[in-house]
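Read the structure below first, then the notes.
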Amino acid sequence: MSDITAGTSAAKPTVLFVCVHNAGRSQMAAGYLTALSQGQVEVLSAGSEPKDQINPVAIQAMAEDGIDIANNVPKILTVEAVKDSDVVITMGCGDACPIFPGKRYEDWALADPAGQGIESVRPIRDDIKARIEKLLAEILPATV
């Protein structure tokens, strides 16, 4: 694997999660990465068409797993956010995400929690958590 921190001023990698509304999937992913990385990763999230608030069912699902995303605010995707990131993970933002050389891009095919009840959002949350755990194992050096 190549060094994903190339081009940054610090050894701490930056990961950007992008979905259309920045109200569900990307917020849950950012919440997990923030909690599970224990400050070892700079975490950003944004949307190509952000909503005005976080999906309440996503907030509830994350709270069930001990992670509070209730005070997060959806943000618009900017070129600067992509440029500042080492890893960019898209979740259905289509062609809205700019591509720059030297960055790691992944597209996670995840169901959209918008309009879903808690029973449907829990499996999405659990899928995101598993992907975050795998991502962490890939981007952070093993600690003994």
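The values are calculated or read from the model by the stated rules, or taken from the named source; none is laboratory data. Computed from a predicted model, the values in this text were never measured in an experiment. Counting neighbours? That spans all protein chains shown, and the Cβs are built from the backbone with ideal geometry, glycine included. The accessibility values were calculated without ligands, DNA or RNA, using every heavy atom of the protein model including side chains. Shrake-Rupley method; radii C 1.70, N 1.55, O 1.52, S 1.80 Å.
Taking the 1.4 Å solvent-accessible surface of the chain as the whole, the part contributed by carbon and sulfur is 52%. The charge dipole of region 51-140, taken about the Cα centre with unit charges on the Cβ atoms of Lys, Arg (+1) and Asp, Glu (-1), comes to about 120 debye, rounded to the nearest 20. Ranked from largest to smallest solvent-accessible area, with a 1.4 Å probe on the protein heavy atoms, Ser45, Ser120 come out as Ser120, Ser45. Taking every DSSP helix (H) stretch of at least 4 residues in the chain, weighting each as -39,500 (n - 2.57) and dividing the sum by the residue count yields a mean residue ellipticity at 222 nm of -10500 deg cm²/dmol. Taken over the chain, the percentage of Cα pairs per 10 Å bin, counting from 0 up to the bin with the maximum distance, is 12, 45, 34, 8, 0. Taken along its three principal axes, the alpha carbon spread of region 67-144 comes to 39, 39, 25 Å, from the longest extent down to the shortest. Ordering Pro123, Leu110, Ser26 by Cα displacement along the dipole of the chain toward the positive end leaves Ser26 in first place; charges were set at the Cβ atoms of Lys, Arg (+1) and Asp, Glu (-1).
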